[in-house]
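J.: The structure that follows is given in the form of structure tokens.
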Amino acid sequence: MAGVSQLHASTLDPSIGIKPDIRDLALDELESIVREAGERAFRARQIMGWLWNRGAESFEAMLDLPTAFREELNHRFRIGSIASAHVARSSDGTRKLLLRLGDGEDIESVIIPTEGRTTLCISSQAGCAMGCGFCATARMGLHRNLAAGEILGQLMAARRELDPGEILTNYVFMGMGEPLANYPRLHRALTIMTADWGLGISPRRITVSTVGLVPSMDRLLADFPVNLAVSLHATTDEVRNRIAPINLRYPLRVLLDACEALPIARRRRITFEYVMLAGVNDSIDDARRLAKMLAPLRAKVNLIFFNPFPESPFAPSSRERVDGFQAILHRGNLTATIRESRGRDIAAACGQLYAERNRPAAAPR
Ligand code: SAH
């Protein structure tokens with residue numbers, strides 16, 4: 001069946017080609033391939049070193065492999081790489097990359113420098129099916145899942161855009177898409193990201209942000225000791241149903257019970273993201289309810305200034321509102337930080353750059 005669907009994909013879009021991307025493979029898979037080809041297993045680690053450590057973009061570059069074997073690899077695989085279609089640089093140093101995938105889909109990644117760290121914001125899907133009312137990506141709907149090689153390709157592309165001496169220190173899955181709705185490929189990407197034969201990144205430096213797909217939250221944390229961020233955004237089901245419709249499937253109580261039950265909740269604190277929408281979820285009562293709801297979790301709250309986009313039905317809460325909200329959370333003994341809006345001048349909020357560059361010319365209604 002896999003062969004059939006591959007063939008189908010390539011018929012639809014010749015640019016994909018039928019050769020699989022070697023950057024999608026985990027070490028054990030590559031080892032079997034290497035052995036089948038009559039080579040010794042250690043060659044797999046050598047190839048991984050070329051791919052992830054040295055960023056090789058061709059098999060010819062892998063000089064310590066036998067020539068015939070390099071040719072065979074080239075015959076069977078491609079080395080996926082993503083070109084930057086557009087890079088926007090904000091006056092605050094934030095760089096937003098619009099990346100073009102093999103089939104013409106565009107995705108976004110953002111490099112965000114803050115004191116002492118440089119964070120890469122990674123996309124997990126082209127578009128998103130979650131339908132959150134305040135999110136520009138939601139307007140696109142889901143185009144498709146990203147392959148592991150495409151998730152990691154963003155990291156390789158971002159490295160090319162770094163300033164001299166600058167290195168990526170943290171990774172957040174807060175770009176386009178719902179990472180837990182693409183779990184098998186996220187799992188593969190995290191395996192390669194954290195493995196010693198891969199990118200060797202500590203899972204503590206990785207944060208996966210989810211709108212709250214409860215069953216996959218458990219799986220994720222059982223599989224990787226990464227940080228978890230949950231997009232909460234409301235303190236009543238009535239409001240959350242409206243702005244984050246996944247709440248109809250996993251209502252607040254179910255979501256919070258699941259968070260409390262996560263084994264990690266006792267050791268490491270979950271971050272709850274809360275986009276402040278004027279007159280929607282930013283009242284004093286909301287702040288009090290939030291403090292009470294999260295008290296058993298010893299959670300961290302990240303208050304986010306809403307980044308408006310054309311035709312968005314919401315407005316950001318005022319600075320005073322956000323500060324007041326934070327003060328109430330502090331009084332309730334919660335750690336609450338305010339995420340300053342970064343890269344405003346380059347439309348750096350989720351899905352905005354995509355929307356700007358793909359806006360249809362006055363579509364008839
Ligand atoms: N689907 C995942 C990850 C992608 S969204 C999730 O829901 O968590 C990453 C974060 O950006 C989420 O907290 C989301 O609520 C927030 N976000 C989306 N659109 C925004 C906007 N216009 N302004 C501010 N934050 C936004």
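The numbers here are math on the coordinates, done by the rules we state, and not lab data. This one's a predicted model, so the numbers in the text were calculated from it and none came from an experiment. Please note: Cβ atoms are built from the backbone with ideal geometry, for glycine as well, and neighbour counts cover all protein chains shown.
J.: Need the list of lysines near residue 300 for cross-linking: C-alpha distance under 19 angstrom, and skip anything on the same chain fewer than eight residues off.
T.: The qualifying lysines are 292.
J.: A follow-up question, please. With a sphere of radius 12 Å drawn around the Cβ of residue 253, what net charge do the other residues whose Cβ falls strictly inside it have (Lys, Arg +1; Asp, Glu -1)?
T.: Net local charge, residue 253 excluded: -2.
J.: Moving on to the next point. Ranked by Cβ crowding within 10 angstrom, fewest neighbours first, how are 167, 304 ordered?
T.: 167, 304
J.: While we're here: Sorting check: for 198-211, 50-63, which peptide has the highest mean count of neighbouring beta carbons within 10 Å, and how do the rest follow? Before the final figure, lay out each step's value.
T.: Numbers: 198-211: 18.4, 50-63: 15.9.
So the order, starting with the most tightly packed, is 198-211, 50-63.
J.: I want the local charge near residue 202. Using Cβ-Cβ distances under 15 Å, sum +1 for each Lys or Arg and -1 for each Asp or Glu among the other residues.
T.: On the way: positive: 117, 204, 205, 268; negative: 196.
Residues near residue 202 contribute +3 overall.
J.: Right, next: Give the residue list of GluC sites (Glu not before Pro) in segment 76-139 that are DSSP loop and have at most 12 other beta-carbon atoms within 10 angstrom.
T.: Working: sites: 105, 108, 115; in loops: 105, 115.
Taking segment 76-139 and a limit of 12 other Cβ atoms within 10 Å, the loop GluC sites (Glu not before Pro) found are 115.
J.: Taking the Cα centre of each part, how many Å lie between segment 22-40 and segment 183-226?
T.: 22
J.: I need to check one value: relative contact order of segment 291-346, counting alpha carbon pairs closer than 8 Å and at least 6 residues apart, in percent. The partial results should precede the final answer.
T.: Working: 57 pairs, mean separation 28.2, N = 56.
Taking the mean separation of contacting Cα pairs over the length of segment 291-346, I get 50 percent.
J.: Note down the relative contact order for the chain as a percent, whole number, built from C-alpha pairs under 8 angstrom at least six residues apart.
T.: Working: 629 pairs, mean separation 52.3, N = 365.
It comes to 14 percent, rounded to a whole number.
J.: Please report the relative contact order for segment 16-144, taking Cα pairs under 8 Å with a sequence separation of at least 6, and give it as a percent rounded to a whole number. Could the numbers behind the result be given before it?
T.: Details: 156 pairs, mean separation 18.4, N = 129.
Contact order relative to length: 14 percent.
J.: Here is a further query. Can you sort 300, 292 by how many other beta carbons sit within 10 Å, fewest first? Before the final figure, lay out each step's value.
T.: On the way: 300 19, 292 12.
Placing the least packed residue first, the sequence is 292, 300.
J.: For the chain, what does -39500 (n - 2.57) per DSSP helix run (n ≥ 4), summed and divided by total residues, give at 222 nm, in deg cm²/dmol to the nearest 500? Don't skip to the end; give the middle numbers.
T.: On the way: 13 runs with 124 residues, N = 365.
Helices in the chain give a 222 nm mean residue ellipticity of -10000 deg cm²/dmol.
J.: What is the sum of charges, Lys and Arg at +1 and Asp and Glu at -1, for the other residues whose Cβ falls under 14 Å from the Cβ of residue 181? Working shown, then result.
T.: Working: positive: 144, 185, 219, 249; negative: 178.
Local charge sum for residue 181: +3.
J.: Let me ask you something else. Order of 92-101, 185-194, 316-325 by packing, highest average Cβ count within 10 Å first? Before the final figure, lay out the partial values.
T.: On the way: 92-101: 20.0, 185-194: 22.3, 316-325: 16.8.
Order by mean packing, descending: 185-194, 92-101, 316-325.
J.: Could you please rank 72, 39, placing first whichever residue has the fewest other Cβ atoms within 10 Å of its Cβ?
T.: Working: 72 17, 39 20.
Ascending number of Cβ neighbours within 10 Å: 72, 39.
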